[in-house]
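The values are calculated or read from the model by the stated rules, or taken from the named source; none is laboratory data. Computed from a predicted structure; not experimentally measured. Ideal geometry is used to build each Cβ from the backbone, glycine not excepted, and the neighbour counts take in all protein chains shown. Side chains included, ligands, DNA and RNA excluded: accessible areas come from the protein's heavy atoms. Shrake-Rupley method; radii C 1.70, N 1.55, O 1.52, S 1.80 Å.
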Amino acid sequence: MQLYGSYTSPFVRHCRIVLLETELKCEFVETDAAASAQKSPSKKVPFLHDGDIQLTDSTSILKYLREKSGDTYFSDIAAYDVFCLVNTAMDACVNLFFLEKEGLTPARSDYLKRQQARVDSIFTELEQIPLPHNAPYNDMELRLGCFLAWGIYRQRFSLGEYPKLAHFLEALNNYQPFRDTAPPSL
Ligand SMILES: N[C@@H](CCC(=O)N[C@@H](CS)C(=O)NCC(=O)O)C(=O)O
C-alpha cells in the first residue's frame, strides 16, 4: 500500500496520523503538484494505491484505513457533519491560499469575499462545540487539528479570537501521532 502526498498538506497529515495510530504497513511517497497532476484525476494529494484499489480523496482514504484496521468510521452523524464543515473551511482556505499566490484576493473578487465569509462563520461555529483536551481524539477532532495547525503554519489565520480552539490545539500538539506528523519548519 502506498500513500502519495506532501509533508505540508493538512489532508495528507490526517491520513499519516491514522497510519501511525493503526500501525498499518504503508509506504509514503512524497508527491508534488506536477506528479499528482499526472497520477490522480483529482490532481490533488493525498491519493492511495493498494493493489487494485485506487483512492483519490482523504475522506475515502481515512474510511479505508480505519475499516482495514477493524475500526469504525464515523458512526456519529453529528461528528461527521462537523468533519464536513471543517473540510469546507479548509477547502476555502486552501483555495484562498493558492489564489493569493497569483495576486487574487477577496478585495478583488466577490466570490473570494464569500469564501472568506464562509471561513469566518465556520470558525464562529467551531468555537461553540465541545472539544477534548486529551486522547483519544476522533476523526472530526483530528481533522480540525490538522486544519488549525495548517492555517497557523501558513499564516492564514490566528486563533486570538477563538480561545477554545486555541486551547484544543495546544493540547493536541502533545499527542504523539500529531507531533510526529507536524509540517517541516519554513
Ligand atoms: N478533497 C481533497 C482535498 C485535497 C487538497 O485540497 N489537497 C491540496 C493540498 S493541501 C492539493 O493537492 N491541491 C492542489 C491543487 O489544488 O491544485 C481531500 O480531502 O483529499
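Filter the range 172-186 for residues that are outside any loop (DSSP other than H, G, I, E, B) and open to solvent by less than 50 Å² (accessible area, probe 1.4 Å); which is farthest from Tyr7 (Cα to Cα)?
Among those that are outside any loop (DSSP other than H, G, I, E, B) and open to solvent by less than 50 Å² (accessible area, probe 1.4 Å), it is Leu172.
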Checking the condition surrounded by fewer than 16 Cβ atoms within 10 Å (Cβ to Cβ), within 17 Å of Pro46 (Cα to Cα) and within 14 Å of the ligand (Cβ to nearest atom), which residue from Thr88, Thr59 passes? Thr88
Single match in Leu148, Leu169, Leu165 (criterion: surrounded by 21 or more Cβ atoms within 10 Å (Cβ to Cβ), in the same structural domain as Phe83 (by TED's automatic domain parsing) and among the hydrophobic types (A, V, I, L, M, F, W, C)): Leu148
Within the range 85-144, count every residue that is among the charged types (D, E, K, R) and closer than 20 Å to Ser9 by Cα. 7
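Considering only residues of the range 121-133 that are touching a residue at least 40 places away in the same chain (Cβ under 8 Å) and under 25 Å from Val18 (Cα atoms), which is most open to solvent (accessible area, probe 1.4 Å)?
Checking each candidate, the answer is Ile129.
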Look through Glu170, Glu141 and report the one residue that is charged (D, E, K, R) and under 14 Å from the mean Cα position of the chain (by Cα). Glu141
Could we say that Arg179 is at pLDDT 95 or above, basic (Lys, Arg) and within 13 Å of the ligand (Cβ to nearest atom) here? no
Filter result for Ser121 (modelled with pLDDT under 95, out of contact with any Cys (no Cβ under 9 Å at 6 or more places or on another chain) and not assigned by TED's automatic domain parsing to the domain that holds Arg13): no
Among the residues of the range 66-83 satisfying the criterion of being more than 13 Å from the ligand (Cβ to nearest atom) and open to solvent by less than 50 Å² (accessible area, probe 1.4 Å), which is nearest to the chain's Cα centre (by Cα)? Val82
Filter the range 91-111 down to the residues that are more than 30 Å from Glu23 (Cα to Cα), open to solvent by less than 70 Å² (accessible area, probe 1.4 Å) and of a type outside the set (Phe, Trp, Tyr) and list them by number. Ala92, Cys93, Asn95, Leu96, Leu99, Gly103, Leu104, Thr105, Pro106, Ser109
Looking at the range 56-68, I want the residues that are touching a residue at least 12 places away in the same chain (Cβ under 8 Å) and have a partner that is open to solvent by less than 20 Å² (accessible area, probe 1.4 Å) and aromatic (Phe, Trp, Tyr) with Cβ atoms under 6 Å, at least 6 apart or on another chain. Which pairs are those? Thr56/Phe47
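Given the options Pro10, Pro46, name the one that is within 17 Å of Tyr137 (Cβ to Cβ), within 12 Å of the ligand (Cβ to nearest atom) and not small (Gly, Ala, Ser).
Among Pro10, Pro46, only Pro10 is within 17 Å of Tyr137 (Cβ to Cβ), within 12 Å of the ligand (Cβ to nearest atom) and not small (Gly, Ala, Ser).
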